[in-house]
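A short worksheet on the structure shown next.
The values are calculated or read from the model by the stated rules, or taken from the named source; none is laboratory data. Since we're looking at a predicted model, the values are computed, not measured. Positions of Cβ are generated from backbone atoms using ideal geometry, with glycine treated the same way; all protein chains shown enter the neighbour counts.
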Amino acid sequence: MPFTPILPSPFLTWLVFLGAIFALLGISEWAATRIGMRPENSRQLVHVIVGVFIFLCPFIFREPFYPLITALLFIGINLVTLRVGRLKSMHATGRISYGTVYFPLAFVILVALFWYRDPVALQVAVLLLAFADPLAAWVGRRYGHRSFTLWRDPKTMAGTTAMFLGSALLTFLGVALLIPLSGDLGLSRGLDLAGLPWPQLLTTVVLTAALATIAEAQSSRGSDNITVPLSAALFVFLFRSLPSGSLIPVLLWAAGSALLLGLAARLKALALSGAITAWGMGLLIFLSGCTGQSGLSGGWAWITPIIAFFGLSSILTRFNRSMVTVSNPGREAGRRNLIQVFANGGIPLLAAVAYGIWGYELLYPVFLAALAAATADTWGTEIGGWSGRPPRNIVTWRPVARGDSGGITLVGTVGTLAGTAFLAAVGLWLQPQLLSGVDWLAISTIGFLAATIDSILGATVQARYLIPATGRITENRSADGPEVVLHSGWSWLDNNMVNLVCTGSGAAMGLLWLAV
């Protein structure tokens, strides 16, 4: 980016920069408290002001040190003022929200990943955060009559439409103007507008806007302030790095997976939120596999294990629709929502994206290990439901109710072994030049061990709740269900968190295997 220092000293430049931010925030706070500006409007004004300042950082600072210090400073300030109820112009909202904390945190991550690697991706992401998100909120309040809720925060059709259109326009303007301005056409293949062929440019615009819109629609307590910029920056970076000849496979996957996941939602294998989340995650995984700079380039090698896991696991789940238990009365077999999709696929997504950014081919076994853990856990649960004998607690060996976390059976253990071995075999079949029979055995073992960790956590510290009205114990803490109180375990460690720990432990053991 063209570098234009405000003052000869970077430190003095930073002081002026920081002072300008505080001055404008002070004006916003005065407007909110003295002249009666609506709190929601003052909050969105602050959102835009801060967004403009961080957008300008690559033009003002040569190094990321002072921008990072600024972001870390505001993380602390926003946490404190949020707790003590100060700076209403920043925090005012009709719901509990940590968006003002997520905003600078997102900038820290963006700077760490893209300041040197691709500042255009960083700035496009900031544009969407600074302008598209407030635009969606304003349109939703003013014109939103039809509302919906995919996770926790209610959204409107008007606001979501505005988010998509605003994101598309900002992405187009950002890519078209910032790439020539930066003089960095080296990531791109072709020399049309912004160094991108027109089909690739338009695809970048549409799919970036789609991912940002999904991230905004599926937000909770301000989480879109981190998911919108990260998803947008990753997609812009990965798509600019796309090798020639890879555009058609990406488009085929984007369209084909949308149809398949729509069918899965219709067949009740996925909730709508789960289908939309799975589409976005699958797109990033496929794109990461295409852009990695090593011998593993090719999205199909990365997405096929995901398809195998989801497809066969969904079939097994449909056979167990009757497994609604006393301990898990709210279980809707097969209808995985966005949290369940992320709990199983979030760690594999991180491994794939890391490969797309850094190109280390040994991240593929780590990806498989995390996915093998998810497969082992899911198959063990579903196949274990066929057992003619009641399950036993893995720690105390006492009989427990069917479906109770921490319960195991011989049949379920065989299913666990079959699931992890199957997933590892899929990886070996796809990448025989990278993986050997020893790797297959190691990944299979890791998947089984991770599923065992899942069962131990489920038996010991996973949260369980008492339903006072009936005296029953449940693992579900649903806002729409009966009133519950914590009975045992850690309140934050629900079944989804345990699944995330399971896949995370699989990835960690995969890294340890590679290190040894």
(request) Go through segment 218-237 and give me each residue that's more than 13 Å from the chain's Cα centre (by Cα) and either surrounded by fewer than 22 Cβ atoms within 10 Å (Cβ to Cβ) or over 16 Å from A130 (Cβ atoms) (or both). (result) R221, G222, F237
(message) As an exercise: evaluate D439 against (1) farther than 20 Å from T304 by Cβ; (2) charged (D, E, K, R); (3) in contact (Cβ under 8 Å) with a residue 40 or more places away in the chain and give the number of the one condition it does not meet.
(response) (1)
(request) Answer with yes or no whether L466 is part of a helix (DSSP H, G or I), surrounded by fewer than 21 Cβ atoms within 10 Å (Cβ to Cβ) and not acidic (D, E). (result) no
(request) Filter segment 461-495 down to residues that are of a type in the set (S, T, N, Q) and at pLDDT 90 or above, then give me how many there are. (result) 1
(message) List pairs: first residue in segment 51-65 and in contact (Cβ under 8 Å) with a residue 40 or more places away in the chain and farther than 17 Å from A112 by Cβ, second residue among the aromatic types (F, W, Y) and not in a helix (DSSP H, G or I) anywhere in the structure, Cβ distance under 9 angstrom, at least six positions apart or on different chains.
(response) F59/F3; I60/F3
(message) All but one of (1) in a helix (DSSP H, G or I); (2) in contact with a strand residue (DSSP E or B) (Cβ under 7 Å, 6 or more places away or on another chain) hold for A372; state the number of the condition that does not hold.
(response) (2)
(message) Condition (residue is assigned to a strand (DSSP E or B), assigned by TED's automatic domain parsing to the domain that holds F367 and closer than 24 Å to S313 by Cα) applied to segment 433-456: is it met by at least one residue?
(response) no
(message) With the structure loaded, tell me whether A425 is without any contact (Cβ under 8 Å) to a residue 24 or more places away in the chain, part of a helix (DSSP H, G or I) and surrounded by fewer than 19 Cβ atoms within 10 Å (Cβ to Cβ) or whether it fails that test.
(response) yes
(message) Given the criterion more than 30 Å from I303 (Cα to Cα) and among the hydroxyl-bearing types (S, T, Y), identify the matching residue among S436, S387.
(response) S387
(request) Might you check whether a residue that is at pLDDT below 90, surrounded by 15 or more Cβ atoms within 10 Å (Cβ to Cβ) and over 25 Å from the mean Cα position of the chain (by Cα) occurs anywhere in segment 156-176? (result) yes
(message) Out of the helices (runs of 4 or more DSSP H) lying entirely within segment 63-138, which hold 1 or more residues that are at pLDDT 90 or above, of a type outside the set (S, T, N, Q) and buried (at least 18 other Cβ atoms within 10 Å of the Cβ)?
(response) 65-84, 99-114, 119-127
(message) Tell me yes or no: at least one residue of segment 495-508 is within 28 Å of I307 (Cβ to Cβ), surrounded by fewer than 21 Cβ atoms within 10 Å (Cβ to Cβ) and free of Cβ contacts under 8 Å to residues at least 24 places away in the same chain.
(response) yes
(message) Being in contact with a Gly (Cβ under 6 Å, 6 or more places away or on another chain) and modelled with pLDDT under 90 is true for just one of G183, G245, G222. Which residue is that?
(response) G222
(request) Name the one entry in G356, G419, G346 that is in contact (Cβ under 8 Å) with a residue 24 or more places away in the chain, outside the structural domain of L230 (by TED's automatic domain parsing), assigned to a helix (DSSP H, G or I) and within 15 Å of L312 (Cβ to Cβ). (result) G419
